[in-house]
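Here the structure comes first, spelled out in C-alpha cells, and everything after it is commentary.
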Amino acid sequence: VRMAVAKVSWQGPLENVSVPITGRALVIGGGLAGMSAALNLAKQGFPVDLVERSAVLGGNGLHLHTTWAGEHVGPKLDSLVHDVCSHSLINIHSESEVVAVKGYVGNFLTTIKDKNGNKTPVSHGVAVIATGGTRLMPDEYGYQQYKEVVSALEFDKLKEVGDFHVRNSNSFVFIQCVGSREEDRNYCSKVCCTHSVQSAIELKKENPTRRIYILYRDMRTYAQRESLYKQAREMGIVFINYELHGKPKVEKAEHGFNVEVWDHVLHRPLLIQADMIILAAAILPSPGAKKLANLYKLPVDNFGFFQEAHAKLRPVDFATDGLFVAGLAHYPKPVEESIAQALAASARAATLLSQDEIVLDGIKAQVDPKNCDGCALCVDVCPYHAITLVEIEGDGGETHQLVEVNTAHCKGCGLCQGTCPKRGVSVAGFTLQQIESQIEAALAI
C-alpha cells in the first residue's frame, strides 16, 4: 500500500490518444487470401486498394487443381477473380508494388509504383499483408538434370496435358521433405504429404498395376486427410520412412533411375527402380516479403515468414496496430486455411474501419527536452519504431538533435526508458521518480 501511495503521489495526468480512422483498406497480394480479404471488406462497404505484382490475379491458386477433399480450385478461383474485378469498391493495382510507407494505425500513406514507374500515393486506415509464397527449386536428386525428375506442381501440369513420360511410366517414386525440415529450413510445408498421397491415388486409379512408392520422414496427412492415407495403403501404395541422416540416393540407370533408401522395417537398404521421381519441395516466403517487412516495420521469423503478434490471442494481427497477415505470407498452409485466415484478417480490419476514430492507451513514452541530448540510443532499441531523431532550433538560433515519439506507434513498453543514460525519456505512469519512490517506500521501516 505504501508503494502504491508513493507512486500515485508523483502521478501526472494520463490522457488517452485519439486517432482518426481513414475508412479505406489496402490489401497487398492478389492470391486466394488477398482476394478473399479484399472482397470481404468491399462487401461490408469499405473501399479497397488491391496491389498485385503480376499481371493476373490468382497467385499460387493458378497452379492448384483440387483441394484435399476433391473440390476443384479452378472454377472457385475464376468466380473469385470475377467478383473482385467487377466490384465497384475494389481498385486493382496490377503489376505494381509498394515502394514507400509512412503513418500509423488509421492514417497510413502508402506509395505504389506500377510497371511504368508511375507512383501513386494511397491513404488507408488498415492493411492486410497477403503476399503469398513460392516454391524451392531443388538442387538434389537430379532435378533440372533429368526431365523425368520433376516437382509436385510440375507433375500436376504434365499429368494434366497427358505427358508421354507420365502415361508410359509404370514406377513412380515420391520423395517428401525436399529442402524442408533441414538445418536451413527447419519447418514443415504442411501441404506436401497430402498432395503426394492424392497424386499417388490418382495414378493408381488410372492403372492399378503401377508401382508407387512414397519416401517420407513423417507422414502428416492430419485430421480428416487421414482417410486419404488409409485409402492409399489399401490400394497398395508403399510408404517407406527415411531419416535426415539417411536421405534417398538417386542414380541414373540404363532404363529410368535406381533409388536407394534404408528400409526401417527390414533394416537393410532397399533398391527401387523408378521411371519418374516426384519431389515435394519446400514452400518459401515471397521474395518481396523482406522488403515489405522493412517498409512497414514488421517482424519476420528466422525463415522469412511474417510473424503474428501472438499465436493464440492475436493470430492475424501484427504487433503494429492496423496491420494484419493472411495466407502463405504467414506460414505454409492449405487453401481452406488461407481463406479462413484472410476472412479473419478482414474481419479484424473491419472493426477498425467501422469507427470514426480509435482511442489508444495513454501510457506512452515522453521526452524531456532538458535531459535529452539526441544520442539516439532509444531509437535503436524501440521495437515499434515509434521514436525518431529530429533537429530543432533553439532560442539562440542554433540547432540540436532531439528524439520525438509517435504516440500512435508507441506501446509504452519502457525499453527506451531503460536504455536512456540521461533520463531524457520516460513512460507516463512509470517515471523514474515514481519507481524510486516505490523502492523507498518498500524499504522504509
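Every number here is computed from the coordinates shown, using simple stated rules; none is lab data. Quantities reported herein were computed from a predicted structural model and do not represent experimental measurements. Here the Cβ positions follow ideal geometry from the backbone for every residue, glycine too, while neighbour counts run over all protein chains shown.
For ARG268, project a label point 7 Å along Cα to C-beta. Then give me every residue of region 206-235 with its amide nitrogen under 16 Å of that point. Counting only backbone N, you get no residues.
Within the chain, CYS85, CYS177, CYS188, CYS192, CYS193, CYS372, CYS375, CYS382, CYS410, CYS413, CYS420 have no other Cys Cβ under 4.7 Å of their Cβ and so lack a disulfide-compatible partner by this rule. Here the peptides 298-304, 52-58 are ranked by packing, the mean other Cβ count within 10 Å, and the order with the highest first is 52-58, 298-304.
The aspartates and glutamates within cross-link reach of LYS411, meaning a Cα-to-Cα straight distance under 12 Å and a gap of 8 or more places when in the same chain, are ASP321, ASP361. Sorting GLU308, GLU234 from the fewest to the most surrounding beta carbons within 10 angstrom yields GLU234, GLU308. Working ranking of peptides 22-33, 62-73 by packing, defined as the average number of other Cβ atoms within 10 Å per residue, highest first, is 22-33, 62-73.
Here the simple spin-label model places points 7 Å from the Cα toward Cβ, and for MET3 and GLU15 these points are separated by 3.1 nm. The mean sequence distance of close C-alpha pairs (under 8 Å, at least 6 residues apart), as a share of the length of region 137-281, puts its relative contact order at 33 percent.
The order of MET219, MET137, MET276, MET35, going from fewest to most other C-beta atoms within 10 Å of their C-beta, is MET137, MET219, MET276, MET35. Checked against a 22 Å cut-off, the cross-linked pairs LYS157/LYS204; LYS76/LYS230; LYS205/LYS249; LYS157/LYS252; LYS190/LYS312 give Cα-Cα distances beyond that limit for LYS76/LYS230; LYS205/LYS249; LYS157/LYS252. Entry note, the chain: relative contact order of 20 percent, from Cα contacts under 8 Å with a spacing of 6+ residues. Counting Lys and Arg as +1 and Asp and Glu as -1 over every other residue whose Cβ lies under 10 Å from the Cβ of ILE283, the net charge comes to +4.
Which of the following values of Rg and Dmax of the Cα atoms in Å was calculated from the structure shown: (1) 22.2, 71; (2) 23.7, 69; (3) 27.8, 92? It is the value labelled (3). Taking Cβ atoms as reference points and 14 Å as the exclusive limit, the residues near ILE21 contribute a net charge of -1, counting Lys and Arg as +1 and Asp and Glu as -1. Classification of region 137-281 by its C-alpha gyration tensor yields a rounded form. The axis ratio a/c (a ≥ b ≥ c) stays under 1.5.
The order of GLU226, GLU393, going from fewest to most other C-beta atoms within 10 Å of their C-beta, is GLU393, GLU226.
Local charge for CYS193 was computed over the other residues whose Cβ lies under 10 Å away, with Lys and Arg +1 and Asp and Glu -1, and equals +3.
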